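Working notes, structure below.
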Amino acid sequence: MNTSLLERKIALVTGASSGIGLASARRLAQDGATVVIMGRGGEALAQARAELLRQVPGARIETFVGDSGQEVDVRGPWHSLMA
């Protein structure tokens with residue numbers, strides 16, 4: 001595992017509470033990115049975050065509840081992570 005490959009990078013993964021989205025978030029975290037997982041279900045995202053933190057100790061995982069099909073949600077407060 002190369003934890004510096006994506007160091008200081010932020011990745012937004014939509015549909016990240018399961019399936020391909022969750023697997024993508026895991027790989028990005030393993031490569032050192034701060035990962036913002038986005039989905040419409042807050043409880044499912046919280047469970048996904050807990051799973052990711054178990055699988056990738058020390059990972060930086062944030063959750064953002066929203067619909068990636070809605071511009072207002074995509075432009076949401078997660079942008080503050082980039083500051």
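What the table below lists for this structure:
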| read-out | value |
| --- | --- |
| Residue in the range 10-37 that is surrounded by the fewest Cβ atoms within 10 Å (Cβ to Cβ), counting only those that are in a loop (DSSP other than H, G, I, E, B) and touching a strand residue (DSSP E or B) at 6+ places or on another chain (Cβ under 7 Å) | 15 |
| Evaluation of residue 61 against (1) touching a strand residue (DSSP E or B) at 6+ places or on another chain (Cβ under 9 Å); (2) outside any strand (DSSP E or B) (one fails), failing number | (2) |
| Residue in the range 3-10 that is touching a residue at least 24 places away in the same chain (Cβ under 8 Å), among the aliphatic types (A, V, I, L, M) and within 19 Å of residue 68 (Cβ to Cβ) present | yes |
| Residue list for the range 38-51, restricted to those being modelled with pLDDT under 95 and surrounded by 18 or more Cβ atoms within 10 Å (Cβ to Cβ) | 38, 39 |
| Subset of the range 23-79 that is charged (D, E, K, R) and within 9 Å of the chain's Cα centre (by Cα) - its residue that is farthest from residue 11 (Cα to Cα) | 49 |
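Matching residues to (1) closer than 13 Å to residue 24 by Cβ; (2) among the β-branched types (Val, Ile, Thr); (3) assigned to a loop (DSSP other than H, G, I, E, B):
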position	(1), (2), (3)
43	no, no, no
49	no, no, no
52	yes, no, no
69	no, no, yes
73	no, no, no
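The values are calculated or read from the model by the stated rules, or taken from the named source; none is laboratory data. Since the structure is predicted, the reported quantities are computational estimates derived from the model, not experimental observations. Don't worry about glycine lacking a Cβ; one is built from the backbone with ideal geometry, like all the others, and counts go over all protein chains shown.
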